[in-house]
Amino acid sequence: MAKGGIPVVTRILSEPYDSNVERNMRNAYKGVNGTTDLKRVILEELERCGFLLAEGGKLRPILPNKETLRHLHKPAVELELAARRGWLRKNLPRYLPYFADGDEVLPERVDPVLVEVRTESQHDLFRVARLLWSVPFSKGYGRRLRFLLLDRSNGKLMGILALQSPPLSFPARDRLFSYPAGRKVDLVNQTMDIQTLGAVPPYDRLLGGKLVAMAAVSHEVRQAYQHRYRGRKTEMEGRVLPAHLVALTRGSPAGLPGKGKAILGPSW
């Protein structure tokens with residue numbers, strides 16, 4: 001039986017905040033005078049977090065694995081949770097029932113449905129779930145779509161999915177496509193980048209993350225994209241781009257170099 005989701009969620013979102021994290025960051029920037037001092041403080045902080053300044057001025061983690069990178073993100077995650085503590089104290093009781101306990105999940109009865117986030121309550125549920133991640137939360141940029149994956153058999157949340165505008169340069173994607181001269185920007189803007197993808201407890205123990213990845217390339221996502229962006233003008237140039245989503249990109253979940261992927265749906 002999978003671990004209980006409610007105790008896990010409550011523990012993660014109620015962990016005591018280490019006030020020394022914020023205090024140390026503030027103290028580090030006291031007395032900073034000019035660009036040289038700021039550069040020194042930033043490099044010292046990065047080294048304290050576990051980065052090395054490699055040849056050519058490039059930064060790299062001492063041990064480029066997921067656990068090391070989660071540790072690097074921990075101070076930022078703690079600051080974020082501390083900033084939202086009041087909101088969580090007020091709203092968590094309302095959304096906690098959406099997280100299943102292990103005995104509420106019967107694998108043979110799981111019935112997933114993908115729901116686009118539109119209402120305020122859906123945004124709040126997404127927000128609670130996203131705070132469980134081991135990397136800091138970001139609202140994303142450019143075009144954005146968010147989804148909840150729910151289990152119709154019990155009404156519980158299985159996972160979340162968030163898409164955003166893609167980077168212009170992404171080798172894993174660019175190797176798959178041959179862009180006509182002068183049209184790369186137009187074609188790249190018919191893709192989206194997966195900003196957040198994963199399952200919540202206890203579905204994360206039941207390959208729920210794989211299910212969310214499969215849902216990401218579903219027809220429902222393409223339809224949501226077409227509905228949201230058909231006829232919409234770009235903010236920078238005021239152009240109307242085709243509202244046809246042709247591919248998704250996925251960077252490394254933990255920021256590991258060289259782990260990016262381009263994901264194509266079965267009907268694309």
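All of the numbers you see were taken from the coordinates with simple rules; none came from a lab. All values reported here derive from a predicted model rather than from experimental measurement. Heads up, the Cβs are rebuilt from the backbone with ideal geometry, glycines too, and the neighbour counts pull from every protein chain shown.
LEU43 to LYS184: FRET efficiency via 1/(1 + (r/R0)^6), r the Cβ-Cβ distance, R0 30 Å, to the nearest 0.05?
With R0 = 30 Å, the Cβ-Cβ based efficiency is 0.30.
Quick check on the stretch 126-205: what does the Kirkwood estimate of hydrodynamic radius come out to from the alpha carbon pairs, in Å?
This gives a value of 14.6 Å.
Per-residue HN-Hα couplings for the stretch 165-177, Karplus 6.51 cos²θ - 1.76 cosθ + 1.60 at θ = phi - 60°, whole Hz, x for Gly and Pro?
Along the stretch 165-177, the couplings run 4, x, x, 5, 10, 8, x, 4, 7, 5, 6, 8, 10 Hz.
Can you list the residues, at least 5 places off or on another chain, whose amide H is less than 5 Å from the amide H of ALA100, using H built in the peptide plane?
Hits under the 5 Å cutoff: LEU157.
Counting only residues 5 or more places away or on other chains, whose amide H sits under 5 Å from the amide H of GLN195 once H atoms are built in the peptide plane?
It is ALA162, LEU163, GLN164, by chain and number.
Give the order of MET214, MET192 when sorted by the count of other beta carbons within 10 angstrom, beginning with the fewest.
Lowest to highest Cβ neighbour count: MET214, MET192.
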